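The values are calculated or read from the model by the stated rules, or taken from the named source; none is laboratory data. From a predicted model like this one, the values you see are computed outputs, not experimental measurements. Using ideal geometry, Cβ is built from the backbone for each residue, glycine included, and neighbour counts are taken over all protein chains shown.
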Amino acid sequence: MERINWIINHSLYQSSYQHLKELEKNRIFCCHQMPHLLDVARIAYIRNLEEKLGIQKSVIYAASLLHDIGKSQQYEFKIPHEIASEKIAKDILSSMPKELSFTSDEQKLILNAIRNHRKLPQEFGILDKLLYESDKASRNCFCCPAASECNWDDTKKNAQIDY
């Protein structure tokens, strides 16, 4: 997990994360901080193992921990967070030291999954679908105190534990 720890300790990750944390400090709805990011990563990795998808753990964790990192730009500038997150992720991934870096193919997988985590395009990859579904599965709507005020369609809310 050395790659993952490098990512979360990167100055751009830390500044983006801290800014998002500050913006969400009074949010009553789902937040996009470490508990959510780790839930997504762990659900995705469990599903990867169960479904024998063969995706490397560090690739899953990188996509999961980076997929919402641009959310503050959506709050402040109305930039869709999947676009902002993809840009931040690209900057972070491209600055990794050679001995830790992801291959160009792995980077493409990670960046595509981040870009597609809100809405799957007609053609999508395995990691895209895994991140998309794990992100949705991570939400605990069935016990959320703000569920009645949430703008998610009731058909999308998790009424039970699936993962």
For this session: Take segment 1-11 and flag every residue that is surrounded by fewer than 16 Cβ atoms within 10 Å (Cβ to Cβ) and either part of a helix (DSSP H, G or I) or out of contact with any helix residue (DSSP H, G or I) (no Cβ under 8 Å at 6 or more places or on another chain) (or both).
Result: 2, 5, 9, 11
For this session: Quickly run through segment 111-127 and pick out the residues that are more than 15 Å from residue 83 (Cβ to Cβ) and under 12 Å from the mean Cα position of the chain (by Cα).
Result: 127
Seminar exercise, completed: Those residues of segment 1-36 which are of a type in the set (D, E, K, R) and touching a His at 6+ places or on another chain (Cβ under 8 Å) amount to 24
Problem set entry | Any pair with Cβ under 8 angstrom, 6 or more apart, that starts in segment 135-163 at a residue that is under 13 Å from residue 31 (Cα atoms) and surrounded by 11 or more Cβ atoms within 10 Å (Cβ to Cβ) and ends at one that is at pLDDT 85 or above and β-branched (Val, Ile, Thr) | 135/40; 138/40; 138/43; 146/28
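Within 13 Å of the chain's Cα centre (by Cα), among the basic types (Lys, Arg), modelled with pLDDT of 95 or more and under 26 Å from residue 161 (Cβ atoms): is that true of residue 71 in this structure?
On the way: within 13 Å of the chain's Cα centre (by Cα): yes; among the basic types (Lys, Arg): yes; modelled with pLDDT of 95 or more: yes; under 26 Å from residue 161 (Cβ atoms): yes.
Spelling it out, residue 71 is indeed within 13 Å of the chain's Cα centre (by Cα), among the basic types (Lys, Arg), modelled with pLDDT of 95 or more and under 26 Å from residue 161 (Cβ atoms).
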